[in-house]
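Each value in this text was obtained by applying a stated rule to the coordinates, not by laboratory testing. Here the structure is a predicted model, which means the values were calculated and not measured. In this analysis, Cβ positions are derived from the backbone assuming ideal geometry, glycine residues included, and neighbour counts consider all displayed protein chains.
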Amino acid sequence: MSLTSSESSLGSFDLAVVGAGAAGLWAALRAAEAGGRVCLISRKPLAESASFHAQGGLAAALDPDDSPARHAADTIAAGRNLCRTDAVEVLTEAAPGVVRDLIERGLNFDTDPDGSLSLALEGGHTRRRIIHSGGSQTGREITGGLARMVAAQSDIEVLEETSAMALWSDGAHCHGVITDRGVITAKSTLLASGGAAALWRRTSNPWGAIGAGPVLASAAGADLADLEFCQFHPTCLSAPGTNLDGALITEAIRGEGATLLTLDGERFTDELAPRDDVTAAILAQIEAQDGREVRLDLSKIPPERFPSVFAMLDAAGFDPRNEPVPISPGAHYMMGGVLVDLDGHTTLDGLYAAGECACTGIHGANRLASNSLTECFVFGQRAAEAALADEAPTARPPLPDWRFDPPTPETRNAVWRLAGPSRNAVDLEALTTDPYPLARAIGATAGARLESRGGHRRTDFRETDPQLDHHHLVYRPDGSIDLKRWD
C-alpha cells in the first residue's frame, strides 16, 4: 500500500466509528470498555451531531402497566406490516435495561414530583413510555453526557472536524476509512453517520443529514434497503423564507394536549395517531384550504415544560401562548439505509452500521415515535460487540479512487419536489438521473414500490398492496433492485 501526502496513515485500530451521534458515541464507548482500541471520526465537534438536536426521547416499557410485548405490538402496528419482527423484539426487550444503564452512568431524565421517571405519551403509543431530559432537550443532554464519557476513555482517539471521504474497500472487505486528513486502518468499521432527511429541502434536520453513510457504503459494495421510506413529521413550523422554516415542534407537545386546527379553528384529526396518518390528514386539510397551512394550538401547554420549543417559536416571531402557529409536514427521519442484520453486519465483510444510517427493519414503513434513540443504544452496542470479534484481514488492497461528493442545493430541491410527501411515477423517474447517488436510489426504489404505505404515498397507487406485506426493496451497489421478504 502506498499513500499520498494528503492520505497519510492516521493509525491502526480495532474499530473505526464514523459519526458521533448517540449510536456512534455509545458504540465507541462500549467497544473501548470491552478492550478495543477505537477511532471515532466526527465531522463536527462532538456536541453538534443530529442526535444533539433530537427533541424526542427514548421509548422503553418502564411502567408496571406496560411491557416489552406491548411496546413491540405498537411498533409493529405503526410500521404498517413491514417491520422485521425479530429486530423489534430485540429492541423492546433491551430498552428498559438501556435506560437503567444510562441512569447508572449519571445521565439525568425528567422525573415526577415523587421522584419517579416522568413517562410521556406520543403518537402511536398505547402507554406512556417516553422518557425525556430537559423536556425537549433530550438529545442535548444525552450526547453531552456521552461525549464526556468518551473523552474520559484513553482507548478512544477522537478526530473532530474530520470527514469520511470513502471506505477502504475492494468490494469484498472493508479495511478502514479514508478521511480528509488521512487514512485510518481498522480491523472493523462502523458507520453511525446519521440520517438523510436533509436531502429534502423542507426538513426538520440539520443540513448535514444528507445520507453520507449509505452513499459511502454503497460505493464500497454494501447493499441498502427501504430507501423509499422517509417519515415526514406532521408538525414542522411553516415560516417560508426564514432559517426556521421546517423547525421541529416535538410530538411530545401533542402528547400533552396541543391540538391541530383548521384555518377556522376546528380540530380535524387525532393528534396522537401514528405519524403517517397525522401527516396524511394534514396534507388533505392543506389541500382543502387551497394550500394554506393548518395550525397547532399550544395555548394549554406550559412554556416551562418545553422551553426550547417556545424559545424557537418566539425567535420566529410567533406567540404560541396566545395564537396557534402555522405548521406543515417536513422530512424528518429516514427508515431506510445500509442493510444490516441484528448485530449490525452489513453485506460487506468488516463493515457495520447502526443508528439512522442503518436499516434493521425495526421501523417498517413508519417509525414509531422515539424508537430511534433507543435503537441507537441497543444496536450500537450489538454492532460494537460483534465488530470486536472480527478477525483482522491478512492483506490490504490499494486505496479506491472514488471520493464522496455532497449534494447540491439543486438536488435538495429536486428530492423535495419529486419525492416529497406525495409521489408519482413521472417525478420519481426524473429523480433517477440526479447527480447524487442516494437521490437516484430513492427515486428508483420509490418508483419500484407500486403502492402507498407508511411514509411512502403515491398519487398513482393510492392503496396498500397486501401482497407486499413484509417485502422490502434491496438496492444493490450496481443499481439493481431486489424484492426480499423479511418476517
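With the dipole of the chain worked out from charges on the C-beta (+1 for Lys and Arg, -1 for Asp and Glu) around the Cα centre, which of 446, 320, 291 lies farthest toward the positive end? So the residue we want is 291.
Sorting 254, 403, 80 on the 10 Å Cβ count, fewest up front, what's the list? Spell out each step's value before the answer.
Details: 254 25, 403 11, 80 21.
If I rank by nearby Cβ atoms, fewest first, I get 403, 80, 254.
In units of the compact-protein estimate 2.2 N^0.38 Å, region 409-485 shows a Cα radius of gyration of 1.07. What residues from region 188-225 fall in the zone where the backbone N is under 20 Å from a label point 7 Å along the Cα-to-C-beta line of residue 389? Flagged as within label range: 188-191. Across region 287-297, coupling constants 3J(HN,Hα) worked out from phi with the 6.51/-1.76/1.60 Karplus curve, θ = phi - 60°, read 4, 5, 9, 6, x, 7, 5, 7, 10, 10, 8 Hz, and Gly and Pro carry x.
Ranking 234, 246, 214 by Cα position along the charge dipole of region 202-354, where only Lys, Arg, Asp and Glu carry charges on their C-beta atoms, puts 246 farthest toward the positive end.
Phi-derived couplings, Karplus 6.51 cos²θ - 1.76 cosθ + 1.60 at θ = phi - 60°, listed residue by residue for region 240-257: x, x, 10, 6, 9, 5, x, 4, 6, 10, 3, 4, 4, 5, 5, x, 9, x Hz, with x used for Gly and Pro. In a simple Cβ point-charge model (Lys, Arg +1; Asp, Glu -1; nothing else charged), the chain has a dipole of about 460 debye relative to its Cα centre.
Going from the residue with the fewest nearby Cβ atoms within 10 Å to the one with the most, 200, 416, 402, 207 rank 207, 402, 416, 200. Once semi-axes √(5λ) of the Cα gyration tensor in Å is worked out from the coordinates, which option in (i) 45, 29, 18; (ii) 34, 26, 21; (iii) 39, 27, 24 does it equal? The value computed from this structure is option (ii). Taking 0.36 nm per residue of sequence separation and removing the Cα-Cα distance, the residue 304/residue 152 pair yields an extension gain of 51.4 nm.
The order of 385, 287, going from fewest to most other C-beta atoms within 10 Å of their C-beta, is 287, 385.
Would you calculate, for the chain, the mean residue ellipticity at 222 nm contributed by helices, counting each DSSP H stretch of 4 or more residues as -39,500 (n - 2.57) and dividing by all residues, to the nearest 500?
On the way: 12 runs with 141 residues, N = 487.
Theoretical 222 nm ellipticity from helices: -9000 deg cm²/dmol.
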